[in-house]
Each structure stands twice: as C-alpha cells, then as structure tokens.
Amino acid sequence: MASGTDSQGNSGQAAIDRFAAMMIERMQQMKDTGWKQGWIGGASGYAGLPQNVGGRNYSGSNSFFLQMHTAAMNYQLPVYLTFKQAHNLKAHVLKVKRPSRWCTGI
C-alpha cells in the first residue's frame, strides 16, 4: 500500500496501513537489538525534528512519519527536500522507477 491509496482509492486506509507497517517494523527492530533507548535518536542518533532544506520543521503527521523514516533508514540528518527544491538548488536527483510517497495524501 506504499503508493498512497489502496485498490479502491482509499488514501486514509492506505495511510493507516503504512503507519501500522512502519510501527511493526520499528518494534521488531527494537526487539531484535535489545532496545534500551527511545524510539528515535539515542546516543548515536540525531537531535531535532525533520525539516526541509530551507530549515522549516515539518509538523503533524508529516513530522511523525519522517521521524520514523529517518530512524528506519538510519539517517544521521533529518533533512528532506522536494524535487522542486532539489532542482532550484541544482542538485542531481536520481531517476527511479517509482517515487517514494511518505507523506503525500496523509
């Protein structure tokens, strides 16, 4: 259900399914490593909320999902940008078969 909608076009249910899958995966990771720290961050983790490349913090469910994504991918810096922001910065964006849609439609 990672595309943002389920087969009937229900984006709300797709978001719930995506959230549940992320939570289950994160709990399994914590169980496998003998979890002692918080869900996000910790001694080797980042400090701060996810933000865009301009420095604005994400809010609401976008912030939560990006925190989970940052932890799941072991990113050290929770900074995200859109294709347009990358283009404006003259950054090279790799072409992928299917784009990631973490927070769109939530």
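Nothing in this text is a laboratory measurement; each read-out follows from the coordinates by a stated rule. None of these values were measured; they are calculated from a predicted model. Glycine also receives a Cβ, built like all others from the backbone with ideal geometry; neighbour counts cover every protein chain displayed.
With 0.36 nm allotted per residue and the present C-alpha distance subtracted, the K84-I16 stretch has 21.7 nm of extension available. Over all other residues within a Cβ to Cβ distance under 10 Å of A72, the charged ones net out to 0, with Lys and Arg as +1 and Asp and Glu as -1. Label-to-label distance, S63 versus M27, with points set 7 angstrom from Cα along the beta-carbon direction: 2.4 nm. Ranking of L77, L49, L94, L66 by neighbouring Cβ atoms within 10 Å, starting from the fewest: L94, L77, L49, L66.
Ranking of M27, M22 by neighbouring Cβ atoms within 10 Å, starting from the fewest: M27, M22. When each of R18, R26, R56 is scored by the number of other beta-carbon atoms lying within 10 Å, the sequence from fewest to most is R56, R26, R18.
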